[in-house]
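Novice: So that we are looking at the same thing, I have put the structure below in structure tokens.
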């Protein structure tokens with residue numbers, strides 16, 4: 001809570017506005033070593049992998065906004081695929 005209050009004060013924003021901010025791809029986190037890197041929850045990690053693989057083409061995708069439902073509802077798989 002202390003860090004949230006400090007972040008909101010630094011940005012001259014309310015705590016509610018800071019909590020509603022969308023996490024952007026590329027934000028770096030520090031803390032317990034060796035974690036000085038990006039951090040994703042499961043669905044955002046999968047979306048970031050798809051993005052890195054080029055599955056979204058030229059679309060501007062922010063992986064942090066993906067939920068598990070968003071990932072499995074993507075229309076990127078051949079639903080009629082049959083093994084030979």
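Novice: When the stretch 66-76 is examined, which residues are found to be modelled with pLDDT of 90 or more and exposed (fewer than 15 other Cβ atoms within 10 Å of the Cβ)?
Specialist: Of everything in the stretch 66-76, those that are modelled with pLDDT of 90 or more and exposed (fewer than 15 other Cβ atoms within 10 Å of the Cβ) turn out to be 67, 68, 69, 70, 73, 74.
Novice: Restricting attention to the stretch 47-60, which residues are without any contact (Cβ under 8 Å) to a residue 24 or more places away in the chain and either surrounded by 10 or more Cβ atoms within 10 Å (Cβ to Cβ) or part of a helix (DSSP H, G or I) (or both)?
Specialist: 48, 49, 52, 55, 56
The values are calculated or read from the model by the stated rules, or taken from the named source; none is laboratory data. Note that this is a predicted model, so its numbers are computed, not measured. Here Cβ is always computed from backbone atoms with ideal geometry, including for glycine, and neighbour counts include all displayed protein chains.
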